[in-house]
Amino acid sequence: MPMFPLNAVVFPGVVVPLHIFEDRYRALVRDLLKETEPAARTFGIVAIREGYEVGDHGVQSSYRVGTLVQLTAHERYDDGRFDIQVVGRQRLRLVSMETGGEYFRGEIELLADDPDEDALAEVTAARSVHEEYRALLGALRGEDPIAGELPTDPEYLSYTLAASSLLPMPERQQLLEADSAAERLVLLTAMLREEIRAIRALPSLPATELARTRWSPN
């Protein structure tokens, strides 16, 4: 499986734009575009734990849980660069990674969330605290970080709220690694309560830009 270590955590269901300029990732995109079936244009994204996406030193280590994504749109430039759009499909665990080829390739296993018989309490709590968090961010930034209606399915909802929340990478990675929607929503509720306390204590926060992502239920 082609792999793309990235300085970000990507969640299933989230649409992510990427600018491709490094040679190894140009080669990856070119190979993906040779696939005649769009559904086969997939690769894995794992967040970088140590190192950089580009440069001489590169990726020193990555997290083991990432996301299988599908290339859904692209624009090729005359100099070989690409602007692409991908959508997260499913969580994955990276078993091993080969870095000696034209681009990184990994052996992976796909991960499914554990079934939740009843996550109503977790859904209600997470939606409530996220509404408060969303209102505070809206007051600070003058815009709503989420466009459109929230999903009703607990799994999709957990990924949507996680993707739209301004959290440090280790916390976002913790959310991605949660084994069920209920566990993810419990973690997210606790994290957002801490964020709300911080925002109220320091009204000038958050200083980091919130990534604007669009939700895709496909």
Scan of the stretch 120-144 for residues that are of a type outside the set (D, E, K, R) and modelled with pLDDT under 90, ordered by number: Ala135, Leu136, Leu137, Gly138, Ala139, Leu140, Gly142
Residue count, the stretch 79-99 (criterion: more than 14 Å from Ala27 (Cα to Cα) and loosely packed, with under 13 Cβ neighbours inside 10 Å): 3
Some residue of the stretch 202-215 being modelled with pLDDT of 70 or more, over 20 Å from Val87 (Cβ atoms) and not assigned by TED's automatic domain parsing to the domain that holds Gly88: yes
The stretch 156-185 residues that are under 20 Å from Glu109 (Cα atoms) and modelled with pLDDT of 95 or more, paired with ones that are of a type in the set (Lys, Arg) and not in a helix (DSSP H, G or I) (beta carbon under 8 Å, 6 or more apart): Leu176/Arg91
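The values are calculated or read from the model by the stated rules, or taken from the named source; none is laboratory data. Quantities reported herein were computed from a predicted structural model and do not represent experimental measurements. Heads up, the Cβs are rebuilt from the backbone with ideal geometry, glycines too, and the neighbour counts pull from every protein chain shown.
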